[in-house]
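Step one of this worksheet: look at the structure below.
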Amino acid sequence: MTSAENCRLIIDYAKKLGFNEVRVAPVSLAPEYDQTFRDWTDQGFHGEMQYLSNRIVNNIRVSDLLKNTKSVINLASNYYPFEEQGPRAGGQISRYAVSRDYHKIIKKRLKQICTYINDEFSGETKAFVDTGPILEKAFSETSGIGYIGKNGCLITEACGSWVFLSVILTSLDLPADLNSMKINCGNCTRCIDACPTDAINTNKTLDARRCISYLTIENRSSIQDELKSKMSNWIFGCDICQEVCPHNVRAQPTEDREFRSRRFSDRYIPLDDILKIKDDKEFLEKFSGTAIMRARRRGLIRNACVAAGNSGDLNLIPLLENIRNMDDAMLAEHAQWALERLQNKC
């Protein structure tokens, strides 16, 4: 069979497993992607995520991850949930976090594709889903899955930006797709205008140090007072820049059974349920198998303290006082901030 026929079989197999978009990019990216990434890390916009700057320091290339790489297979999965009720009390989590941890779901499928490629075409493979030093959005844009919007998200024609991206490197020489997309952001700045912490830069990148998603997940340190009051009730992630994006009016609820299956009844978790968590064991019992594990217990309680301070709910004061008296300086600091906010409303 020809490489084009092999490629079609691989794409068909991947789509049968549930991937919505599958396209191929060449190994080499246009220089501007790497330069943008270098400039971004040079300015410290990656915050505490040192694994990102290590890619530059160690000069990691795709060929270092899988020798004899000839093609990059890019995959996108629609995760947009069903329509839901409007905002209400509680700590808000990002839409992608309501189901089982997407890493676990997608990794299993990527392994199946890799086995298929190895068995049927004797091709070497290596797969990644947010786990390797690869510019997934750059490869996805190059292949035509979508384009990188002003909010830094990859925007697709069919699903908007509500997609998970993953990558398979392979030794197979597959024909590369071209990006022939017609959609773009134009003069729209809704995402920039809507971001409460002014985290969105003008070159399609974010200052992670100000991004609510970073602050509530990747950040392990104290959150600046300047930002706390702007975080509303977000306790894990943030969807604001996607919610206001006009391209996302095209989003359709996912048909994927595993992404449709919810671990939480909705995206609003009672803050007292989090503020009452005693130890790592209880945290594990509540959130094992979900993406929320990424924040860790201390991080989630820290975030809940901030949300409590912004909530105006005076019933949370006793729980915040308990946390303030704990032998944990970071949590005590955030509980004290929340108490001062709430007590000023009395």
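The values are calculated or read from the model by the stated rules, or taken from the named source; none is laboratory data. It should be emphasised that the depicted structure is a prediction, and the values quoted were computed from it without experimental measurement. Here the Cβ is made from the backbone with ideal geometry for all residues, glycine too, and neighbour counts use every protein chain on show.
Odds and ends about this structure:
- Of the residues making up segment 193-233, those that are small (Gly, Ala, Ser), within 19 Å of Glu243 (Cβ to Cβ) and touching a residue at least 24 places away in the same chain (Cβ under 8 Å) are Ala194, Ser213, Ser232.
- One residue alone among His103, His46 is in a loop (DSSP other than H, G, I, E, B), under 24 Å from Thr205 (Cβ atoms) and touching a residue at least 40 places away in the same chain (Cβ under 8 Å), and that residue is His46.
- Residue within segment 325-333 that is in a helix (DSSP H, G or I), under 30 Å from Glu157 (Cβ atoms), within 26 Å of the chain's Cα centre (by Cα) and not assigned by TED's automatic domain parsing to the domain that holds Lys107 present: no
- Failed criterion for Glu333 (all others in (1) out of contact with any Asp or Glu (no Cβ under 8 Å at 6 or more places or on another chain); (2) surrounded by 21 or more Cβ atoms within 10 Å (Cβ to Cβ); (3) not basic (Lys, Arg) hold): (2)
- If you go through segment 249-268 and keep only what is surrounded by fewer than 18 Cβ atoms within 10 Å (Cβ to Cβ) and within 30 Å of Asn187 (Cα to Cα), you end up with Val249, Arg250, Gln252, Pro253.
- Residue in segment 287-306 that is over 27 Å from the mean Cα position of the chain (by Cα), in the same structural domain as Ser221 (by TED's automatic domain parsing), part of a helix (DSSP H, G or I) and on the phi < 0 side of the Ramachandran plot present: no
- Screening segment 212-239 for residues that are aliphatic (A, V, I, L, M) and crowded, with 20+ Cβ neighbours inside 10 Å and picking the one that is farthest from Asn310 (Cα to Cα) gives Ile217.
- Some residue of segment 25-32 being surrounded by 14 or more Cβ atoms within 10 Å (Cβ to Cβ), touching a residue at least 40 places away in the same chain (Cβ under 8 Å) and more than 27 Å from Met1 (Cα to Cα): yes
- Verdict on Ser28 being in contact with a helix residue (DSSP H, G or I) (Cβ under 6 Å, 6 or more places away or on another chain) and either over 23 Å from Trp162 (Cα atoms) or not in a loop (DSSP other than H, G, I, E, B) (or both): no
- Looking only at segment 128-164, and only at residues there that are in contact with a Lys or Arg (Cβ under 7 Å, 6 or more places away or on another chain) and in a strand (DSSP E or B), the one that is surrounded by the most Cβ atoms within 10 Å (Cβ to Cβ): Gly160
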